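Bear in mind these aren't lab numbers, they're just calculated from the coordinates by the rules spelled out. Nothing here was measured: the structure is a model prediction, and the numbers come from that model. Don't worry about glycine lacking a Cβ; one is built from the backbone with ideal geometry, like all the others, and counts go over all protein chains shown.
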Amino acid sequence: MLKEAVLSIRKDLDRAVCYTLVFMLSSMFMYLFFHISLSETVGVTYIYGKNDLPTFLTTFDVLVCILVIFMANDFYVKKKSNELAVILMCGGTFLQLTRFLIFQTGIFMAVSIPLGVGAGRLCFPLLAAVFRWVTGQELSMASGSQPAVLSASIIGFEVFWCTFVNLGYSYRNSIYTLLHGEKKIRMQFPGLFAVKILRYIYPGLYLGCAALLYLCGKEPEQITMLGCAGLLGLWGTIDKVVLPWLEKGGAERWSEDGEKLVYMGLFREDLKMAKLYIILFIATADILCCLTAGMVEKGSEFALCLLSFSSMIPLLGISLMFRFASEAAGRKNQFATLRKIGYTREQIKNIVKKELLWLYGVIMGASLVYILNIAAVLCIYGLIPVAAGSLLVAIFVVSLTVCGCINYRYNCTGGAG
């Protein structure tokens, strides 16, 4: 089954490269965080269980990396469900399917983990220079067995759990459900008036919590609580207001504009996929911004917070880019159909451009409602300097913009081209 696993990866090389890149960057960031935070300069130790900011920050960053890998793995395997079904239809046994998945996962890990560790070691001098510029302190890579053991344990846990989840997915699904692995059965409920009215509470909760941020004063904990409540409002707004509006009125509203009908339909599907990423963007930025508050005088903690923000936000952006690029890789047949019914190549490129503008514009706008206001509140009350607040916002905007541009180039040279 090794040969079949290699052929499967070569057949779907775009998704394989994106998946490997996500795993490599996550491994790199975990390696760096453990070797920076466990150094003598920062002083994190898990042996004696100090509950200080660097310890919590390192744990949070590692959890985000793990979550990103699990999300990428889940999506990649579901996109492979047709191949798994074909193996079963051709008489393959569950043991053969297990070997196929283990070989495929092993290839990804064998490539991405060494690359991640190597990239981490190469990037360390640059991070040490930034750390010295911010704090005036020298930063050396942690020595001893603890960083290596922790890094190896977390990465090993990811490898085991990804393989275990993949095997469980293939085992509990029949041929039919694998062939329809991305379709979900939804229960239909009658449209009650009270339910329709209640759904408009979500936008009020989302925007109201953003406005209440300015009443938090010098209490970062209240900002975190309001951010969590706002996330519930945002999830409900997308799920109960925006998506129903796009699904029910699109065909009638844009029937005279063929291009708009197509790219708004694609945007609707993208938004269903991107809901979780928007929530993760805001939640991560909210927590990291609040942890940064009041740390300016503590040089090493402040530098660690900036490092975490400048690592986690781009990582989430790359994860979103992988998800969208994987979706786009499956749209070549749709674009070919559009060409057959009269759409020109330039029209299709214009559709892709507007789809991406809507997707990344909504993600950026919905996230900045909180990220920008949280940074502003922290600056107003003197918890962080204006330069640091501007830097946090710039990191988010630049990361998302770069990922959007890469997605556009990929789509135009791929299926849309």
Distance in nm between Leu207 and Leu261 label points, each 7 Å along Cα→Cβ, equals 3.2
Can you give me the Rg/Rh ratio for segment 323-417, using Cα atoms for both radii and the Kirkwood formula for Rh?
1.19
Nearest 0.05, what FRET efficiency do Asn350 and Arg199 give at R0 = 35 Å with Cβ-Cβ as r?
0.60
